[in-house]
Amino acid sequence: AQSVTQPDIHITVSEGASLELRCNYSYGATPYLFWYVQSPGQGLQLLLKYFSGDTLVQGIKGFEAEFKRSQSSFNLRKPSVHWSDAAEYFCAVEGSGDKLTFGTGTRLAVRP
Amino acid sequence: DGGITQSPKYLFRKEGQNVTLSCEQNLNHDAMYWYRQDPGQGLRLIYYSQIVNDFQKGDIAEGYSVSREKKESFPLTVTSAQKNPTAFYLCASSIAGGFYGPYEQYFGPGTRLTVT
């Protein structure tokens, strides 16, 4: 069975600083990987996805993620964080039957 | 505007009562999903349906039931057998399930259920 680990429960960065959110996955076959963002009390919005091909994927809102098979990682990055990026971020891996397995999330706070 | 609607946004029920959460999509998606979200636990899959009149249990189906009589609708009933029903419930859909993937899932705004 697949699993996802997001080791950082809570991260605080200053506005304008760079950001990296960590995600490690466990899955026996080729993984399909996703990053979603959730504002408080809202649904999830897809930031980006990796299915195959180029290991560096670009997403919305200036986010990117790099798939590293050797490290079983799919870390999310942004070069300069904006106050509006404060939210909770979820990494997910898709297994059989299009079922998503989510990590426990990383809550991002942005310091003015 | 295409999307997923969940109603109501907030729902309050007394313990021992069944309650049904609505999920409707006009994206013409075949697959629909129900997740439960608790603080610090991420999202956990309750039930999913890849086609009308068919659905499968997810990881935490006990105490829940669903139906899929129409492509656009996938209501979730939280029964009195669910021991800890207070949570945030999210519905999602994707273009096709099962053999045609992968496809990303699109999420509704969620329903917060409080049972006292």
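From the list A:SER84, A:SER72, the one residue that fits, being polar (S, T, N, Q), under 30 Å from B:GLN6 (Cβ atoms) and away from chain B (no Cβ under 14 Å), is A:SER84. One residue alone among A:ARG111, A:ARG107 is at pLDDT 95 or above, within 17 Å of A:GLU15 (Cα to Cα) and within 14 Å of chain B (Cβ to nearest Cβ), and that residue is A:ARG107. Scanning segment A:24-59 for residues that are within 12 Å of chain B (Cβ to nearest Cβ), under 16 Å from A:TYR89 (Cβ atoms) and of a type in the set (A, V, I, L, M, F, W, C) gives A:LEU33, A:PHE34, A:TRP35, A:VAL37, A:LEU44, A:LEU46, A:LEU47, A:LEU48. Counting only strands (runs of 3 or more DSSP E) wholly contained in segment B:1-82, the ones carrying 1 or more residues that are touching a residue at least 12 places away in the same chain (Cβ under 8 Å) and exposed (fewer than 12 other Cβ atoms within 10 Å of the Cβ) occupy B:10-13, B:54-57.
Looking at A:ASP8, A:ASP54, can you tell me which residue is part of a loop (DSSP other than H, G, I, E, B), modelled with pLDDT of 95 or more and charged (D, E, K, R)?
After applying the criteria, what remains is A:ASP8.
Test A:PHE51 against the criterion of being among the aromatic types (Phe, Trp, Tyr), more than 19 Å from B:GLN105 (Cα to Cα) and surrounded by 15 or more Cβ atoms within 10 Å (Cβ to Cβ), and give yes or no.
Values: among the aromatic types (Phe, Trp, Tyr): yes; more than 19 Å from B:GLN105 (Cα to Cα): no; surrounded by 15 or more Cβ atoms within 10 Å (Cβ to Cβ): yes.
No.
Screening segment A:68-84 for residues that are within 13 Å of the chain's Cα centre (by Cα) and either among the hydrophobic types (A, V, I, L, M, F, W, C) or closer than 19 Å to A:GLN42 by Cα (or both) and picking the one that is surrounded by the fewest Cβ atoms within 10 Å (Cβ to Cβ) gives A:LEU76.
Matching residues to (1) among the acidic types (Asp, Glu); (2) under 26 Å from B:ASP38 (Cβ atoms); (3) at pLDDT 95 or above:
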{"residue": "A:GLY28", "(1), (2), (3)": "no, no, no"}
{"residue": "A:SER39", "(1), (2), (3)": "no, yes, no"}
{"residue": "A:GLN42", "(1), (2), (3)": "no, yes, no"}
{"residue": "A:GLU64", "(1), (2), (3)": "yes, no, yes"}
{"residue": "A:PHE74", "(1), (2), (3)": "no, yes, yes"}
{"residue": "A:SER80", "(1), (2), (3)": "no, no, yes"}
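Per the conditions (1) surrounded by 15 or more Cβ atoms within 10 Å (Cβ to Cβ); (2) in contact (Cβ under 8 Å) with a residue 40 or more places away in the chain; (3) part of a loop (DSSP other than H, G, I, E, B), the sole criterion not satisfied by A:GLN42 is (2). May I ask you to verify whether A:ALA92 is aliphatic (A, V, I, L, M), assigned to a strand (DSSP E or B) and either surrounded by 20 or more Cβ atoms within 10 Å (Cβ to Cβ) or out of contact with any strand residue (DSSP E or B) (no Cβ under 8 Å at 6 or more places or on another chain) (or both)? Considered against the rule, which asks whether it is aliphatic (A, V, I, L, M), assigned to a strand (DSSP E or B) and either surrounded by 20 or more Cβ atoms within 10 Å (Cβ to Cβ) or out of contact with any strand residue (DSSP E or B) (no Cβ under 8 Å at 6 or more places or on another chain) (or both), A:ALA92 comes out as yes. A count restricted to segment B:74-94 and to residues that are more than 10 Å from the chain's Cα centre (by Cα) and either under 30 Å from A:LEU48 (Cα atoms) or within 14 Å of another protein chain (Cβ to nearest Cβ) (or both) stands at 3. Are any of the residues in segment B:95-109 out of contact with any strand residue (DSSP E or B) (no Cβ under 8 Å at 6 or more places or on another chain), more than 8 Å from chain A (Cβ to nearest Cβ), at pLDDT below 95 and under 22 Å from A:TYR36 (Cβ atoms)? Yes, because at least one residue in segment B:95-109 is out of contact with any strand residue (DSSP E or B) (no Cβ under 8 Å at 6 or more places or on another chain), more than 8 Å from chain A (Cβ to nearest Cβ), at pLDDT below 95 and under 22 Å from A:TYR36 (Cβ atoms). The single residue among B:VAL66, B:VAL115 that is more than 11 Å from chain A (Cβ to nearest Cβ), out of contact with any Cys (no Cβ under 7 Å at 6 or more places or on another chain) and at pLDDT 95 or above turns out to be B:VAL66.
The values are calculated or read from the model by the stated rules, or taken from the named source; none is laboratory data. This one's a predicted model, so the numbers in the text were calculated from it and none came from an experiment. Methodologically, a virtual Cβ is constructed for each residue, glycine included, from the backbone with ideal geometry; neighbour enumeration extends over all protein chains shown.
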